[in-house]
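Report on the structure given below.
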Amino acid sequence: MTGTLYIVATPIGNLEDITFRAVRILREADLIAAEDTRHSRKLLSHFGISKPLTSYFDHNKTLKGRYILDQLESGLSVALITDAGTPCISDPGYQLVRDAVAAGFAVVPVPGPSAAITALSASGLPTDAFVFEGFLPNRQGKRREKLASIKGEQRVVIFYESPNRLLAALTDLQEVLGERELVVARELTKVYEEFIRGNCSTVIDTLQHRTIKGEVVILVAPAAEGAAHKDVASVADLLALLMEDEGLSLKDAVKQVVLQTGLPRGEVYTEALKLKERD
């Protein structure tokens, strides 16, 4: 008989947020695969759980993935956990789950905390439709391109961000999206849990003179209806000005518009081709 892979959610802050079922599964599992075994030992010790541990993270996922599949093949049950929250959600695990399913092993979710859903539930923003984008890119150019791609999004957009990049991300967000309403949630379920609500300027003013600690969730309010169409129209107007009135080549005009708006180059280039075909 082959084993079962359990995907076990663990607390994102308050240890009381773990479920009874999660504790039971961790106690019954033959092996626990953890993102950081040192971090996870503290959690397991708190609940009196003593089980064999193996690491599973981005840099060893190929080697350890094979090892975990071998354990499942031998009939052992394996519980996959991450440092905090639900495995596979902007955390290691996707490839392991995919390979386990392909090999015919049972994969059982043990639901629990997730920072994105926790933040959304108390944000005060619409919850009927949302988009989760994971972590914003580290580099400013890629980050601005990502933000530009959601400029016309009419659902709440959820990002993760590290505390040391938060102000840079919010500044880019303001420059690319304008004074959009947003919520910054930090230290979720911990003693210093905080929700900061307002437009970009308000949130930046609140945070810019503070030392920011803890993982952060950024929630961006939906764009006004029709915003995406207005953006395209303004890009077309700007391209026409640069190409027709100022005599720039299509390539140079596209470059200028990308620099000025932060929009993806492909989107601007498509609009430029449309404009050239009309002429």
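Residues are listed down the side, and each one gets a yes or a no for (1) at pLDDT 80 or above; (2) at positive phi:
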residue: 231; (1), (2): no, no
residue: 242; (1), (2): yes, no
residue: 248; (1), (2): yes, no
residue: 259; (1), (2): no, no
residue: 262; (1), (2): no, yes
residue: 279; (1), (2): no, no
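Which residues, taken from the range 123-133, are touching a residue at least 24 places away in the same chain (Cβ under 8 Å) and either loosely packed, with under 14 Cβ neighbours inside 10 Å or not small (Gly, Ala, Ser) (or both)?
124, 125, 126, 127, 129, 130, 131, 132, 133
Enumerate the pairs (first residue in the range 195-221 and more than 18 Å from residue 122 (Cα to Cα); second residue anywhere and at pLDDT below 95 and acidic (Asp, Glu)) with beta-carbon separation below 8 Å, excluding pairs fewer than 6 apart on the same chain, so at least 6 apart or on different chains.
200/179; 201/179
Quick check on the range 63-118: of everything there that is aliphatic (A, V, I, L, M) and without any contact (Cβ under 8 Å) to a residue 12 or more places away in the chain, which residue is surrounded by the most Cβ atoms within 10 Å (Cβ to Cβ)?
Checked the range 63-118; the qualifying residue surrounded by the most Cβ atoms within 10 Å (Cβ to Cβ) is 117.
If you take the residues of the range 203-229 that are at pLDDT 95 or above and not in a strand (DSSP E or B), which of them is surrounded by the most Cβ atoms within 10 Å (Cβ to Cβ)?
203
Of everything in the range 1-40, what is part of a loop (DSSP other than H, G, I, E, B), among the hydrophobic types (A, V, I, L, M, F, W, C) and loosely packed, with under 15 Cβ neighbours inside 10 Å? Give them in sequence order.
Of everything in the range 1-40, just one residue is part of a loop (DSSP other than H, G, I, E, B), among the hydrophobic types (A, V, I, L, M, F, W, C) and loosely packed, with under 15 Cβ neighbours inside 10 Å, namely 1.
Does residue 132 meet the test of being closer than 21 Å to residue 9 by Cα and outside the structural domain of residue 62 (by TED's automatic domain parsing)?
For residue 132, the condition - closer than 21 Å to residue 9 by Cα and outside the structural domain of residue 62 (by TED's automatic domain parsing) - is met.
Note down all Cβ pairs under 6 Å where the first residue falls in the range 19-30 and is of a type in the set (Val, Ile, Thr), the second is surrounded by fewer than 16 Cβ atoms within 10 Å (Cβ to Cβ) and modelled with pLDDT of 95 or more, and they're at least six residues apart or on different chains.
The qualifying pairs are 23/47.
Could you list all residues from the range 41-55 that are closer than 14 Å to residue 22 by Cα and either part of a strand (DSSP E or B) or touching a Gly at 6+ places or on another chain (Cβ under 9 Å) (or both)?
none
The values are calculated or read from the model by the stated rules, or taken from the named source; none is laboratory data. The model shown is predicted, which means the values in this text are computed figures rather than measured ones. Note that each Cβ is placed from the backbone with ideal geometry, even for glycine, and that neighbours are counted across all protein chains shown.
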